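Before any comments, here is the structure.
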Amino acid sequence: MKKLLDQLGGWPRVLMIVSIVVVAVSLQPLLGTDGWAGLGQWAGGLGALFAAWAALRIAKGEARRENDREADRLRVQAYYVYAEMTSEAVPNGWQVRVTNASQQPILGVMVTGLQRSTTTGVQVMVCKQDGQSPAVLLPGQPWETWVTSKHNAITDEFVRLWSGADPIILFRDLAQTHWNRTGRFPPTHRR
């Protein structure tokens, strides 16, 4: 009995169904053949309306789940693209390697800055890279570039201070989703 109640939606729905049946049976003497036919058509129309609403709700839920799966797939790919400093700094800047360890090519890779943590928070330095970015970075293919500060003069102290910082990269996947990733931190979707 409890299982049947659960399938019907609990006591409130059962009471509503029983009430409708009681009202329909009590109206039987008042309605003729045509009245019952009209009532049946109304019930069928309401049932069709409910069925259409349920179908649209199911379709909308499935579309949302599909979009979530696609976003997760893209985010997983973005996790396999990362950047790191490859060597000690030299007087003119730092060497950065961007690695695409995903299964898909990525587009428009750029190293835009360096980020380092300090006792007072996080500092970001805007950088310029030496040379052109590759139009496409194939899976398993690393790309190395030199970066220097865009606004600060490079001194030995400055180079030492920023050695070991996390490179900030921008790239696009094949779905043209723009990503931002700092070192090995989780990638973020740029809007």
message: Based on this model, can you work out whether Pro167 counts as assigned to a loop (DSSP other than H, G, I, E, B) and modelled with pLDDT of 90 or more?
response: no
- request: Filter region 173-191 down to the residues that are crowded, with 16+ Cβ neighbours inside 10 Å and part of a strand (DSSP E or B), then identify the one that is nearest to the chain's Cα centre (by Cα).
  value: Trp179
statement: Among residues of region 133-161 being among the hydrophobic types (A, V, I, L, M, F, W, C) and modelled with pLDDT under 80, the residue farthest from Gln95 (Cα to Cα) is Ala153
- request: Restrict the check to region 70-85 and report whether at least one residue is over 16 Å from Gly183 (Cα atoms) and of a type in the set (A, V, I, L, M, F, W, C).
  value: yes
query: Any residue at all in region 138-146 that is over 28 Å from the mean Cα position of the chain (by Cα), touching a residue at least 12 places away in the same chain (Cβ under 8 Å), in a loop (DSSP other than H, G, I, E, B) and closer than 20 Å to Ser87 by Cβ?
result: no
statement: Flagged pairs (Cβ under 9 angstrom, 6 or more apart or on separate chains; first in region 170-187, polar (S, T, N, Q); second in a loop (DSSP other than H, G, I, E, B)) are Asn180/Pro187
field: Failed condition for Glu88, given (1) part of a helix (DSSP H, G or I); (2) at pLDDT below 75
entry: (1)
- prompt: Among the residues of region 99-132, which ones are part of a loop (DSSP other than H, G, I, E, B) and on the phi < 0 side of the Ramachandran plot?
  reply: Ala101, Ser102, Gln103, Gln104, Pro105, Thr119, Thr120, Asp130, Gln132
message: Consider region 155-171. How many of its residues are surrounded by 15 or more Cβ atoms within 10 Å (Cβ to Cβ) and charged (D, E, K, R)?
response: 1
query: If we scan region 92-101, do we find a residue that is more than 25 Å from the chain's Cα centre (by Cα), closer than 30 Å to Arg73 by Cα and in contact (Cβ under 8 Å) with a residue 24 or more places away in the chain?
result: yes
statement: The condition from (1) surrounded by 12 or more Cβ atoms within 10 Å (Cβ to Cβ); (2) under 27 Å from Asp72 (Cα atoms) that Ala135 misses is numbered (1)
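The values are calculated or read from the model by the stated rules, or taken from the named source; none is laboratory data. What you see is a predicted model, and the numbers here were worked out from it, not measured in a lab. Positions of Cβ are generated from backbone atoms using ideal geometry, with glycine treated the same way; all protein chains shown enter the neighbour counts.
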